[in-house]
1. With the radius of gyration and the Kirkwood radius both derived from the Cα set of the stretch 1-84, what is their ratio Rg to Rh?
2. Around N122, under 11 Å between beta carbons, what's the net of Lys plus Arg minus Asp minus Glu among the other residues?
3. Leaving ligands and nucleic acids out of the surface, order E53, E157 by accessible area at 1.4 Å, largest first.
4. Angle, helix 150-163 long axis vs. longest principal axis of the chain, Cα atoms, 0 to 90°, nearest 10?
5. Using a 1.4 Å probe on the protein heavy atoms only, what accessible surface does D130 show? Give it in Å² to the nearest 10.
6. Would you please state the base-10 log of I(q)/I(0) at q = 0.09, 0.12, 0.17 1/Å for the chain, with intensities from the Debye formula using one equal scatterer on every alpha carbon?
7. Provide, for the chain, the number of lysine pairs with alpha carbons under 15 Å apart, each pair being eight or more places apart or on different chains.
8. Taking all protein chains as present, what is the carbon and sulfur share of the accessible area of the chain, in % to the nearest whole number, probe 1.4 Å?
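The values are calculated or read from the model by the stated rules, or taken from the named source; none is laboratory data. Since the structure is predicted, the reported quantities are computational estimates derived from the model, not experimental observations. Reconstructed Cβ throughout: ideal geometry from the backbone, glycine too, with neighbour counts over all protein chains shown. In case anyone asks, the SASA skips ligands and DNA or RNA and just uses the protein heavy atoms, side chains included. Shrake-Rupley method; radii C 1.70, N 1.55, O 1.52, S 1.80 Å.
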Amino acid sequence: MSTMLRLDRTQGEVAHAVIASLFHKEGETNDPNTILQRVTADYDTTFSNALLEKGAILLLRENRVDIKIMKDRLRNAIDTLLDIMRANKLHVVDCEKEILRKLQFEGDPDIRGFVDMILGDNNDNLYVFDFKWTSSKSKYDNLLKKNGSLQLALYKEMVEKELDRDVAAVAYYLMPENCLY
């Protein structure tokens, strides 16, 4: 695996950990305003902890500039995600939710997924977001236009079965470009 791919993957893992930590607290309100308060108070510490836990390669001397850039870009991605949530009146139901399900056919294997974010609205509709740290906007846009995202289709099915509720929509949120598809 090339160094650039490894860094992108590592940055994605750090970003997932930061978002999961700040966006969902069990038993608390997880609306955009409350999340913004957490981000304002805890972003630096949460980012540092995620970096130590998930991003050791980024701590190498040659990656110091990358850390600073990533930290700023992730904060911007978080702010944009909160704007999207506010505009659509969404709140977080769960983050990094592990779901283990059998598909509908006899003998099908268990499928294990970690759904990046499940959101809800005031009408009890559910939405599934999958986060990607990538510079390839067209790949994910094209997948959705062709209805070719197996990952999102599986997540939709698994969340519906797990929570016994319909999922109204699924989307990719691409960071650091901050585009929702």
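1. 1.00
2. So the surrounding residues net to -2.
3. E53, E157
4. 70
5. Per-residue accessible area (D130): approximately 0 Å².
6. -0.33, -0.59, -1.15
7. Eligible lysine pairs with Cα atoms under 15 Å apart amount to 8.
8. The C+S portion of the solvent-accessible surface of the chain is 47 percent.
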